[in-house]
Amino acid sequence: MAKKPYYITTAIAYTSGKPHIGNTYEIILSDAIARFKRSQGYDVRFQTGTDEHGQKIEEKAAAQKVTPKQFVDGVAAQIKEIWDLMNVSYDKFIRTTDADHEKQVQKIFKKLYEQGDIYKGTYEGMYCTPCEAFWTPSQLKDGKCPDCGREVKPAKEEAYFFKMSKYADKLLAYYEEHPEFITPVSRKNEMVNNFLKPGLQDLCVSRTSFRWGIPVEFDPKHVVYVWLDALTNYITGLGYDADGNSGELFKKYWPADVHVIGKDIIRFHTIYWPIFLMALGLPLPKQVFGHPWLLMDGSKMSKSRGNVIYADELVKVFGVDAVRYFVLNDMPFDNDGNITWELITDRVNADLANNLGNLVSRTAAMSLKYFDGVLCDKGAAEPVDEEVRSMALALYKKVAAKMDEFKISDALGEIFSFLRRCNKYIDETAPWVLARDESKKDRLSTVLYNLSESIVIAAGLLYPFLPETAEKIAKQFNTSLRPCAEQKKFGLIENGSRVSPTEEHLFVRRNYKDVEAEYEKMHAASEKQEKQEKQEKPAKAHEPEYPAEISIDDFAKVRMQVAKVIACEKVEKSDKLLKSTVQLGKETRTVVSGIAKYYTPEQMVGKKVIMVTNLKPAKLRGVLSEGMILCAENEEGKLCLLTPETDIEDGSGIF
């Protein structure tokens, strides 16, 4: 019987620079889904790749004095290297500079133009270069790009447009007929209420102000604009042909079962992309999963903010599977997750070293000590065994149900809950006590068999998430990883099988101070390399990146006041954060600041500082921060608090 096809894709990574762990999370997430589906017996096609055109790329290449193609070749290779490092089992890595993709994009553009969905006009509006997006004044948020919050500039140029409104009602009807199309459901509500119901505007699909893009075949002074180029990778990577001669892969795998994307690009995948497909007469993908963001200490990662962690750095310290486990386990289904070096260290110690690693090593060691590694179910069962066996047999169904909903963290939670039960089973049965009584030898053998069988079952289900670890476990117990179809039976280890001795631990406990020293050493080496690269360039004074000019009205929106620090302490499990209690006239507030390397709690108490008091409160390491204490920063990154020149009452306003 032929396997049922399953097509899964990630968003293609933009080749503007090295992806951080927040970007890398998506590929690990998709890989876990793809591996699980293969284990269930599906014929999986897993596609990822890179988005390589646009004005931003053209500008970055010019700054480095290389061609755009040379620039994207280097970044695409770096992205692919990180994907491979994370043990990602993709079947296709597409690049939008691939000749076959570019050819089909030209065909698609021409087809849509000839059937009247695309027309030529003039665009006049506000343009955001980082997002490569045009906006009307009504779409701006406080005069800035509604997507990234950066400055926009007026722009006017001839362009081709896609008639989006022509398909809006049809798309709304599709949403109603297919409620599962967008998940989580909160993303769907956002698309309907914020974009479809207010009315779709026609979409700019070509540009003339830069050249790094796919030329419009019949009007070569235009290049195809980002989304019509990038989104079509999902079909061109399968061999779609706009002339009607699509290949066998397209016929087999389209429509996609799921597009896995970040929540920030949900609009493009659930409005623009379905409408493009409708215009081409193609079926829509079955589902779009808009996952949340992985934040660094409560903030979105940004190289300019200096709060970026990269996957290869984490792997050097913790290993591939530990990094995979953390991002899969600590990312909720619908809310943003949080990552710090401290959190990873704690998670590795508690879940991987103590729970999983300790269970495997204890079971293997006792089997080797008491029976020379031979496993045998002697049938000496007791009531406590049935609970573990029943839980083992129910595990696959629980994990599969969570995976069907893309609740990856919950699926892992089911497995690790079972592993904790197995550790408790060791304490309940006390094999070391049984070993002292010769009459209990059969009981001891049965207990160790039950533990070994449970570990092998768990390893089979862990494989999609921690593939290297699962394979090591199977090898130690001299068995193969079981596909999901075999997860419904207990007792498949043959009597007489042997556990292999090993001195290697699956995971080792880490001291956070050692971890901190390792990553600081890596950062120091990286900074040294950057300084060496800048030696030939003329030195410049420290000039932080500021936004463009603002009006007095913009400045008036920021409320600043003098605050007196009346109490201060370090934030638990953080070497960077201080929690200050401040007095603002008759009001007291709590503020979290990343200044612990420059000020002790004792130094802070009694100081009068300048504070932004109308920021939206945010949680940092579980502490609610109700404002921002202002500091100056020099080129070396040294911080200095801003304080009033003379003593003045706390609560006083700054003008």
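Could you tell me how many of the residues in segment 600-655 are of a type in the set (Lys, Arg), assigned to a loop (DSSP other than H, G, I, E, B) and more than 19 Å from Ile566 (Cβ to Cβ)? Write out each step before concluding.
As a first pass, look at segment 600-655 and keep what is of a type in the set (Lys, Arg): 607-608, 616, 619, 621, 638.
Retained after the next criterion (residues that are assigned to a loop (DSSP other than H, G, I, E, B)): 607, 616, 621, 638.
Still in the running and more than 19 Å from Ile566 (Cβ to Cβ): 616, 621, 638.
Total satisfying the criteria: 3.
I'd like the full set of residues that are under 42 Å from the mean Cα position of the chain (by Cα), without any contact (Cβ under 8 Å) to a residue 60 or more places away in the chain and outside any loop (DSSP other than H, G, I, E, B), limited to segment 422-444.
Lys424, Tyr425, Asp427, Glu428, Thr429
Given the residues Thr236, Thr270, Thr232, which is the only one that is closer than 19 Å to Glu176 by Cα and among the hydroxyl-bearing types (Ser, Thr, Tyr)?
Numbers: Thr236 fails: closer than 19 Å to Glu176 by Cα; Thr232 fails: closer than 19 Å to Glu176 by Cα.
After ruling out the rest, the residue left standing is Thr270.
For residues that are on the phi > 0 side of the Ramachandran plot and surrounded by fewer than 21 Cβ atoms within 10 Å (Cβ to Cβ), scanning just segment 20-68, find the one that is nearest to the chain's Cα centre (by Cα).
Let us first name the residues in segment 20-68 that are on the phi > 0 side of the Ramachandran plot, namely 41, 49, 54, 65.
When the remaining residues are screened for being surrounded by fewer than 21 Cβ atoms within 10 Å (Cβ to Cβ), the result is 41, 65.
Details: Gly41: 26, Lys65: 32 Å.
Checked segment 20-68; the qualifying residue nearest to the chain's Cα centre (by Cα) is Gly41.
Would you mention how many residues in segment 342-366 are more than 18 Å from Pro431 (Cα to Cα), among the hydrophobic types (A, V, I, L, M, F, W, C) and surrounded by 22 or more Cβ atoms within 10 Å (Cβ to Cβ)?
Of the residues in segment 342-366, 4 are more than 18 Å from Pro431 (Cα to Cα), among the hydrophobic types (A, V, I, L, M, F, W, C) and surrounded by 22 or more Cβ atoms within 10 Å (Cβ to Cβ).
So which pairs qualify, if the first residue must be in segment 578-603 and closer than 19 Å to Ser299 by Cβ and hydrophobic (A, V, I, L, M, F, W, C), the second must be at pLDDT 90 or above and in a strand (DSSP E or B), the Cβ gap must be under 6 Å, and the two must be at least 6 apart or on different chains?
Hits for this filter: Val591/Ser580; Val591/Ile629; Val592/Lys579.
Considering only strands (runs of 3 or more DSSP E) fully contained in segment 249-325, which possess at least 1 residues that are modelled with pLDDT of 95 or more? Please lay out each step first, then the result.
Numbers: elements: 258-262, 288-291, 294-296.
Passing ranges, in order: 258-262, 288-291.
With the requirement that a residue be surrounded by fewer than 24 Cβ atoms within 10 Å (Cβ to Cβ) and either closer than 15 Å to Gly49 by Cβ or not basic (Lys, Arg) (or both), what does segment 219-230 give you?
Initially, segment 219-230 is screened for residues surrounded by fewer than 24 Cβ atoms within 10 Å (Cβ to Cβ), giving 219-223, 226-228.
Correct list: Asp219, Pro220, His222, Val223, Val226, Trp227, Leu228.
Yes or no: segment 532-552 includes at least one residue that is within 30 Å of Gly143 (Cα to Cα) and modelled with pLDDT of 70 or more.
Among the residues of segment 532-552, not one is within 30 Å of Gly143 (Cα to Cα) and modelled with pLDDT of 70 or more, which makes the answer no.
Which residues, taken from segment 574-599, are part of a strand (DSSP E or B) and either under 22 Å from Trp341 (Cβ atoms) or of a type in the set (Ser, Thr, Tyr) (or both)?
Leu578, Lys579, Ser580, Thr581, Thr588, Thr590, Val592, Ser593
Can you tell me which residues in segment 280-336 are hydroxyl-bearing (Ser, Thr, Tyr) and farther than 18 Å from Lys18 by Cβ? Can you show your working first?
Filtering segment 280-336 down to residues hydroxyl-bearing (Ser, Thr, Tyr) leaves 299, 302, 304, 310, 325.
Answer for segment 280-336, where residues must be hydroxyl-bearing (Ser, Thr, Tyr) and farther than 18 Å from Lys18 by Cβ: Ser299, Tyr325.
Please state which of the following conditions Ala400 fails to meet, knowing it meets all the rest: (1) among the aliphatic types (A, V, I, L, M); (2) crowded, with 20+ Cβ neighbours inside 10 Å; (3) under 30 Å from Pro179 (Cα atoms).
Every condition holds for Ala400 apart from (2).
Return the total of residues in segment 45-59 being free of Cβ contacts under 8 Å to residues at least 60 places away in the same chain and under 15 Å from Val226 (Cβ atoms).
The initial filter retains those residues of segment 45-59 that are free of Cβ contacts under 8 Å to residues at least 60 places away in the same chain, namely 46, 48, 50, 52.
Still in the list and also under 15 Å from Val226 (Cβ atoms): 50, 52.
Summing the residues that are free of Cβ contacts under 8 Å to residues at least 60 places away in the same chain and under 15 Å from Val226 (Cβ atoms) in segment 45-59 gives 2.
Which of the residues that make up segment 445-468 are in contact with a helix residue (DSSP H, G or I) (Cβ under 6 Å, 6 or more places away or on another chain), in a helix (DSSP H, G or I) and more than 16 Å from Thr363 (Cα to Cα)?
Matches in segment 445-468: Leu461, Leu462, Glu468.
Enumerate the pairs (first residue in segment 206-230 and among the basic types (Lys, Arg); second residue anywhere and assigned to a loop (DSSP other than H, G, I, E, B) and surrounded by fewer than 22 Cβ atoms within 10 Å (Cβ to Cβ)) with beta-carbon separation below 9 Å, excluding pairs fewer than 6 apart on the same chain, so at least 6 apart or on different chains.
As it stands, the answer is Arg207/Glu132; Lys221/Thr208, since those pairs meet every condition given.
State all residues of segment 111-127 that are touching a Ser or Thr at 6+ places or on another chain (Cβ under 8 Å) and not hydrophobic (A, V, I, L, M, F, W, C); if no residue qualifies, say none.
Quick first cut of segment 111-127, residues touching a Ser or Thr at 6+ places or on another chain (Cβ under 8 Å) only: 125-126.
Scanning segment 111-127 gives a single hit, Gly125.
Any residue in segment 65-83 that's hydroxyl-bearing (Ser, Thr, Tyr): show its pairings with residues that are assigned to a helix (DSSP H, G or I) at Cβ separation under 9 Å, as long as the two are six or more apart or on different chains.
Pairs that qualify, where the first residue is hydroxyl-bearing (Ser, Thr, Tyr) and the partner is assigned to a helix (DSSP H, G or I), are Thr67/Ala61.
Can you name the residue in segment 39-84 that is part of a helix (DSSP H, G or I) and among the aromatic types (Phe, Trp, Tyr) and, of all such residues, is nearest to Tyr234 (Cα to Cα)?
Just the residues of segment 39-84 that are part of a helix (DSSP H, G or I), to begin with: 39, 55-63, 68-84.
Of the ones still in play, those that are also among the aromatic types (Phe, Trp, Tyr) are 71, 83.
Working: Phe71: 23, Trp83: 18 Å.
Per the criteria, the residue is Trp83.
Of the numbered conditions (1) surrounded by fewer than 17 Cβ atoms within 10 Å (Cβ to Cβ); (2) modelled with pLDDT of 95 or more, Lys489 satisfies every one except a single condition; which is it?
(2)
Just one of (1) closer than 21 Å to Asn307 by Cβ; (2) in contact (Cβ under 8 Å) with a residue 12 or more places away in the chain trips up Gly606, so point out which.
Only one criterion is unmet by Gly606, namely (1).
Name the single residue, out of those in segment 85-128 being part of a strand (DSSP E or B) and surrounded by fewer than 16 Cβ atoms within 10 Å (Cβ to Cβ), that is modelled with the lowest pLDDT.
Initial filter on segment 85-128 (part of a strand (DSSP E or B)): 92-95, 118-128.
Now narrow it down to the ones that are surrounded by fewer than 16 Cβ atoms within 10 Å (Cβ to Cβ): 92, 119-122, 124.
Details: Lys92: 97, Tyr119: 96, Lys120: 95, Gly121: 92, Thr122: 88, Glu124: 79.
By that ranking, first place goes to Glu124.
The values are calculated or read from the model by the stated rules, or taken from the named source; none is laboratory data. The model shown is predicted, which means the values in this text are computed figures rather than measured ones. Neighbour counts run over all protein chains shown; Cβ positions are idealised from the backbone, glycine included.
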